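Worksheet: one structure, shown below.
The values are calculated or read from the model by the stated rules, or taken from the named source; none is laboratory data. These numbers were taken from a predicted model, which means no experiment stands behind them. We place every Cβ from the backbone using ideal geometry, glycine too, and count neighbours over all the protein chains shown. Quick note on the areas: whole protein, heavy atoms, side chains included, nothing else; ligands and nucleic acids left out. Shrake-Rupley method; radii C 1.70, N 1.55, O 1.52, S 1.80 Å.
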Amino acid sequence: MDYNTFLDTITRRASVPPEKAEPLTRATLETLAERLTRGEAEDLASELPKPLKEPLVSPTPEAESFGLDEFINRVSQRAGVSPDEAREGVRAELSTLRDAVSDGEFRHVMSQLPRDFEALVGPPG
């Protein structure tokens, strides 16, 4: 999946204006990089288009431990959107990632996240 298709998919799935898709995408990937181990963030980045790789550079080797609500708060603040828009953005982002990367990679990402993320996006197919 190329970068523009990725953003178009986020716009459609999150029901946000196109100008919010890029900040939501970036904020979600940056927050995901904090939540995943560095190795997993690098593995995920390796399967994505170049503009989506940079936000996945993990600031630390260890994953931070926080739940879905804190994840959504961080995305909301980073993207400058409401928590409801951030929740929809995260849901759209994860479902788009599921389509954009291999099944195995998506399962690895989801295995590092609390169960409420699976409830948001649905179980890996």
For the chain, what does the relative contact order come out to in percent, with C-alpha contacts under 8 Å and a separation of six or more? 30 percent
Which values of log₁₀ I(q)/I(0), to two decimal places, follow from the Debye formula for segment 59-123 at q = 0.12, 0.20, 0.29 Å⁻¹ with a uniform point scatterer at every Cα? -0.31, -0.86, -1.30
Charged-residue dipole, Cβ positions (Lys, Arg, Asp, Glu), segment 70-125 about Cα centre, Debye nearest 20: 100 debye
For segment 13-87, inverting the pair-averaged 1/r of distinct alpha-carbon atoms gives a Kirkwood value in Å of 12.5 Å
From the backbone phi of segment 6-16, what are the Karplus-calculated ³J(HN,Hα) couplings (6.51 cos²θ - 1.76 cosθ + 1.60, θ = phi - 60°) in whole Hz, Gly and Pro given as x? 4, 5, 4, 5, 4, 4, 5, 6, 8, 6, 10
At a 10 angstrom cut-off on C-beta neighbours, averaged per residue, how do the peptides 77-89, 56-68 rank from highest to lowest? 77-89, 56-68
Taking only Cα atoms of the chain, the Rg to Rh ratio with Kirkwood Rh works out at 0.91
Label-zone membership for segment 15-38, site Asn73, 7 angstrom Cα→C-beta point, backbone N under 20 Å: 24, 27-36
Compute the separation of the alpha-carbon centres of segment 78-110 and segment 32-56 and state it in Å as a whole number. 12 Å
Extension gain Glu64-Glu34, at 0.36 nm per residue separation less the Cα-Cα distance, in nm? 10.2 nm
Quick one: with all protein chains in place, what share of the accessible area of the chain is carbon or sulfur, to the nearest percent (1.4 Å probe)? 48 percent
For Asp2 and Ser111, compute 0.36 nm times the residue count separating them, minus their Cα-Cα distance, and round to one decimal in nm. 36.7 nm
For segment 37-45, Karplus couplings with θ = phi - 60° (6.51, -1.76, 1.60), whole Hz, Gly/Pro x: 5, 4, x, 5, 4, 5, 4, 4, 4
